[in-house]
Amino acid sequence: MEIWNRPFECMDRNGIRHIQSERLRETVERVYFNVPYYRDKMQKAGLGPENIKSIDDIAKLPFTTKQDLRDNYPFGLFAVPMSEIVRVHASSGTTGKPTVVGYTRNDISTWSEVMARTLTSAGANRNDFIQVAYGYGLFTGGLGLHYGGEKIGASVIPISGGNTMRQIQLMHDFGSTVLACTPSYALFLAEAIQESGIKREDLKLRVGVFGAEPWTENMRREIEDKLRIKAIDIYGLSEVIGPGVASECLVQEGLHIAEDHFYPEIIDPETLQVLPSGSAGELVFTTITKEGLPLIRYRTRDLTRLTHETCKCGRTMVRMEKCLGRSDDMLIIRGVNLFPSQVESVLLEMSEIKPHYLLIVDRINNLDTLELKVEVDEAFFQDKISQLESLRHKLQTNLENSIGLGIKVTLVEPKVLERSEGKAKHVIDKRKY
Ligand code: DLL
């Protein structure tokens with residue numbers, strides 16, 4: 001099995017910890033002297049850079065959350081002058097404001113390196129044709145895969161998401177061997193290929209690198225059966241770098257974390273205590289080489305567990321289990337992150353509507369669907385049907401502009417939606433992964 005960067009990916013534990021300690025010290029100095037937010041937080045905790053001598057001191061440092069990024073929107077946590085930033089990406093935030101991330105030239109090179117590892121561990125090399133069907137744009141999926149694919153010398157097809165018939169045609173005509181997209185889109189494509197009349201024998205597809213949303217072993221089996229490929233799980237988040245944070249190798253027993261760049265911890269999301277290796281809990285990352293937006297103990301909200309055992313492939317980097325749950329209410333719909341609070345803040349701006357609502361998420365023909373049922377104000381509900389229709393239309397447009405996703409809006413009479421005695425239930429997720 002090919003390994004992209006053997007000296008790092010197969011380093012012994014002492015070597016890894018030595019590098020992590022050195023890089024953590026540098027990162028803490030960088031943020032302390034360049035980012036007022038981190039300096040204040042460290043000073044309040046009675047800490048200076050001299051208190052962080054090795055990776056064992058990491059638990060002394062305060063956590064960072066998505067809220068901290070929002071409070072410092074857009075560039076407040078950047079650790080370099082804007083003249084050093086060569087790229088920005090963004091992902092959805094909690095109230096429509098995106099989470100903005102910035103990369104220096106070195107960060108782009110780190111990102112390409114970890115993506116080259118990801119693709120190599122999935123068995124790709126310079127002879128492959130990689131069809132990148134993740135979205136290109138502010139989302140990190142498209143360009144992340146793109147730079148990694150070029151770095152390993154493969155031929156990259158930057159087709160981006162959607163347009164299924166064209167995906168199938170180019171897959172056939174160009175002879176794509178690697179498919180990169182979300183797992184739900186892979187299933188959708190699989191069925192569209194069956195219906196298209198193109199024979200599987202006429203496609204060269206061999207492997208898929210799927211991520212950006214949770215998917216189960218059952219879904220993996222279904223994709224592997226229907227597409228007759230190896231389906232590899234890849235994980236990442238924009239705040240940390242994008243895809244490339246962790247990925248499976250062909251052994252498919254956990255995702256190798258690029259821990260020489262991103263140091264992982266597992267914490268109890270309630271007590272915030274660090275848990276021993278092997279325990280299930282919330283994944284936290286400290287970036288130890290990033291320049292543009294270094295993050296200290298960033299709470300991902302993703303739930304998983306770690307193992308430090310060496311993998312059968314020979315890589316020693318710590319592995320995380322396929323992650324399935326989150327410790328917050330974030331939904332991932334067609335690869336787009338959505339918090340119910342984003343919907344709520346649009347509803348609160350419209351007086352004709354009551355903030356009694358229900359979001360219904362489903363998966364029909366392998367594509368996620370989103371519907372909102374919301375109560376109309378008593379006074380407004382007496383109005384003409386045409387007025388109700390224009391209200392529905394206005395709400396739908398406001399929502400789509402704010403959340404960046406198509407949504408079906410259904411207006412309902414006042415007091416129709418079930419009231420809960422405890423915490424209001426605003427989401428029904430019918431998807432079976
Ligand atoms: O989804 C980056 C990415 C692009 C990863 C392409 C893989 C492939 P964000 O939009 O910031 O970044 O969303 C990050 O998506 O915290 C997880 O909750 C979820 N997620 C990403 N990959 C996986 C995966 C990209 N393989 C959030 N399994 C993360 C489960 C995943 N959840």
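Quick one: is Ile296 within 25 Å of Tyr136 (Cβ to Cβ) and more than 16 Å from the ligand (Cβ to nearest atom)? It would help to see each step written out before you state the result.
Values: within 25 Å of Tyr136 (Cβ to Cβ): no; more than 16 Å from the ligand (Cβ to nearest atom): yes.
Judged against the criteria, Ile296 is not a match.
Which ranges mark the helices (runs of 4 or more DSSP H) fully within the range 1-78 that have 3 or more residues being farther than 21 Å from Arg299 by Cβ?
Numbers: elements: 6-9, 13-34, 36-44, 66-71.
Output list reads 6-9, 13-34.
Go through the range 190-219 and give me each residue that's part of a loop (DSSP other than H, G, I, E, B), surrounded by 14 or more Cβ atoms within 10 Å (Cβ to Cβ) and without any contact (Cβ under 8 Å) to a residue 40 or more places away in the chain.
Within the range 190-219, Ile198, Leu203, Leu205 qualify.
So, restricting to helices (runs of 4 or more DSSP H) that lie completely within the range 329-433, which ones have at least 2 residues that are more than 30 Å from Gly236 (Cα to Cα) and open to solvent by less than 30 Å² (accessible area, probe 1.4 Å)?
Values: elements: 340-348, 378-381, 385-403.
Once the helices (runs of 4 or more DSSP H) in the range 329-433 are filtered for at least 2 residues that are more than 30 Å from Gly236 (Cα to Cα) and open to solvent by less than 30 Å² (accessible area, probe 1.4 Å), what remains is 385-403.
Please specify each residue of the range 77-133 satisfying the condition of being without any contact (Cβ under 8 Å) to a residue 60 or more places away in the chain and in contact with a Cys (Cβ under 7 Å, 6 or more places away or on another chain).
Ala133
For every residue, the table says whether it meets (1) open to solvent by 30 Å² or more (accessible area, probe 1.4 Å); (2) outside the structural domain of Gly242 (by TED's automatic domain parsing); (3) among the aromatic types (Phe, Trp, Tyr).
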residue: Val28; (1), (2), (3): no, yes, no
residue: Pro36; (1), (2), (3): yes, yes, no
residue: Leu47; (1), (2), (3): no, yes, no
residue: Asn51; (1), (2), (3): yes, yes, no
residue: Ile55; (1), (2), (3): no, yes, no
residue: Arg70; (1), (2), (3): yes, no, no
residue: Thr99; (1), (2), (3): no, no, no
residue: Thr110; (1), (2), (3): no, no, no
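In the range 266-280, which residues are open to solvent by 10 Å² or more (accessible area, probe 1.4 Å), part of a strand (DSSP E or B) and at pLDDT 95 or above? Steps first, answer last, please.
Here is the first cut: in the range 266-280, the residues open to solvent by 10 Å² or more (accessible area, probe 1.4 Å) are 268-280.
After this cut, where a residue has to be part of a strand (DSSP E or B) as well, the list is 274, 280.
Residue satisfying the conditions is Val274 alone.
Tally up the residues in the range 121-147 that are outside any helix (DSSP H, G or I), touching a helix residue (DSSP H, G or I) at 6+ places or on another chain (Cβ under 8 Å) and either within 11 Å of the ligand (Cβ to nearest atom) or not assigned by TED's automatic domain parsing to the domain that holds Gly314 (or both), please.
Result for the range 121-147: 4.
Given the condition more than 25 Å from Met317 (Cβ to Cβ) and surrounded by fewer than 21 Cβ atoms within 10 Å (Cβ to Cβ), answer yes or no: does some residue in the range 137-146 qualify?
yes
The values are calculated or read from the model by the stated rules, or taken from the named source; none is laboratory data. Just so it is clear, the model here is predicted, and its values are computed rather than measured. Because the Cβ atoms are built from the backbone with ideal geometry, glycine has one as well, and the counts that use them run over all protein chains shown. Keep in mind that these areas ignore ligands, DNA and RNA; they rest on the heavy atoms of the full protein, side chains included. Shrake-Rupley method; radii C 1.70, N 1.55, O 1.52, S 1.80 Å.
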